[in-house]
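Novice: This is the structure, below, for whatever I ask next.
Just so it is clear, none of the values below were taken in a lab; they were calculated from the coordinates. Nothing here was measured: the structure is a model prediction, and the numbers come from that model. Methodologically, a virtual Cβ is constructed for each residue, glycine included, from the backbone with ideal geometry; neighbour enumeration extends over all protein chains shown.
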Amino acid sequence: MISIGITGSTGILGKNLIYFLKKNKKFKINQFLDDISNNKKINNWINKNQFDIIVHLAAIVPTKKVNKNYKEAKKINVDGTKNLINSIKKYQISKPFLFFSSSSHVYSFSRKIISEQDLTKGINKYGKTKLLAEKILLKNSKFYDLCIGRISSLTSENQNNNFLINKIIDLGKRKKKIFFKNSNIKRNFIYVDDVSKIIVKIIKKKLTGIFNISSSEITHLSKLFKYLEKKYKFKIKYYSKDEEYLIISNKLLIKKIGIFN
């Protein structure tokens, strides 16, 4: 059996990933259900289990929540990652494979499609916490075989109203006014099932390096708004202002694992 430890397993991606991992009978899954900022808890978890693979998903999202309490977000997203690394260094006997879920938010807005070699800056506080965590992981990468997956805009019907599409649909169904200051935004949304399938493939191949995880389809918010208006029969008021394009290329990932849609 291949032993897999997962942090952040109670989140939307974590629950979905476990569903797909359980389809493979070779995987023995162990969830870290405690506070990752607690050194003693994470130390005991690593020391007791000795994992072949660790999937590190624990983080505070979305951006709205991070902006509201950046100190707490940094404690989990950055310091929690430090705690995990320190535990691996101290207690993990054999070198594990480590997958870290990062974000397209580590990049800067750009008109062009962004590759893994492009500038990282962090477009918001959430992106900055992920970038800090990446740097710490890379600095200590001799202690594990590391894969960083920079995930684009994740979508799921199970997301709450802090996430864009679910928020719009909820407001519309409740016949509330829907207003956006700027619709001149481009993203490549990706469904949670696709992300989970990709992570499973990465784990099986033990793929190391930094990879963008995204769909190939580019969505302009103004077109998305028109689609939602037509489907749900409500009105969205919006303006078109400065470009906010954040489109990441998945070409390198497809080259390594093949088509995943």
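Novice: For the chain, with a Gaussian network of springs between Cα atoms less than 10 Å apart, report the residue from ILE198, ILE29, ILE148 with the top mean-square fluctuation.
Specialist: Highest fluctuation of the listed residues: ILE29.
Novice: Where the centre of each part is set by its Cα atoms, how far does segment 27-44 sit from segment 114-130, in angstrom?
Specialist: Cα centres, segment 27-44 to segment 114-130: 27 Å.
Novice: What lysines sit close enough to LYS235 to cross-link, taking a C-alpha to C-alpha distance under 28 Å and skipping anything fewer than 8 places away on the same chain?
Specialist: List returned: LYS64, LYS65, LYS167, LYS173, LYS175, LYS176, LYS177, LYS181, LYS186, LYS223, LYS226.
Novice: Count the net charge of all other residues whose Cβ sits under 14 Å from the Cβ of LEU17, scoring Lys and Arg as +1 and Asp and Glu as -1.
Specialist: Once all neighbours under 14 Å are counted, the net charge is +4.
Novice: If you don't mind, another one. Could you derive backbone 3J(HN,Hα) for segment 180-196 from the dihedral phi with the Karplus parameters 6.51, -1.76 and 1.60 (θ = phi - 60°), listing whole Hz in sequence and x where the residue is Gly or Pro?
Specialist: Once rounded to whole Hz, the list reads 10, 5, 9, 9, 7, 10, 10, 9, 10, 5, 9, 6, 4, 4, 5, 4, 4.
Novice: Okay, next question. Non-local amide H neighbours of LEU154 (under 5 Å, H modeled in plane, Pro and chain starts lacking H): which ones?
Specialist: Distant-sequence amide H within range of LEU154: ILE190.
Novice: Here's something else I'd like to know. Mind checking which of ASN166, PRO96, ASN212 is farthest towards the positive end of the chain's charge dipole, using Cβ charges of +1 (Lys, Arg) and -1 (Asp, Glu) about the Cα centre?
Specialist: ASN166
Novice: Any idea how far the Cα center of segment 195-242 sits from the one of segment 8-22, in Å?
Specialist: Distance between centres, Cα-based: 19 Å.
Novice: From Cα pairs below 8 angstrom and at least 6 apart in sequence, can you work out the relative contact order of the chain, rounded to a whole percent?
Specialist: 20
Novice: Under 10 Å, Cα contacts only: if you run a Gaussian network model on the chain, which one of LYS233, LYS22, LYS201 comes out with the highest mean-square fluctuation?
Specialist: LYS233
Novice: Using modelled amide H (1.01 Å from N, peptide plane; none on Pro or chain starts), what sits under 5 Å from the amide H of PHE27, excluding residues fewer than 5 places away?
Specialist: ILE2
Novice: Same structure, new question: List the residues, sorted by chain then number, that are 5 or more residues from PHE97 or on another chain and whose placed amide H is less than 5 Å from its amide H.
Specialist: Result for PHE97 returns ILE53, ILE54, ASP145.
Novice: Taking the Cβ of GLY122 as the centre, find all other residues whose Cβ is under 15 Å away and add up their charges (Lys, Arg: +1; Asp, Glu: -1).
Specialist: Residues near GLY122 contribute +4 overall.
Novice: Follow-up. Go through segment 170-177 residue by residue and turn each phi into a ³J(HN,Hα) via Karplus (6.51, -1.76, 1.60, θ = phi - 60°); whole Hz please, and just put x for glycine and proline.
Specialist: So the J values, rounded to whole Hz, are 5, 4, x, 5, 8, 6, 8, 5.
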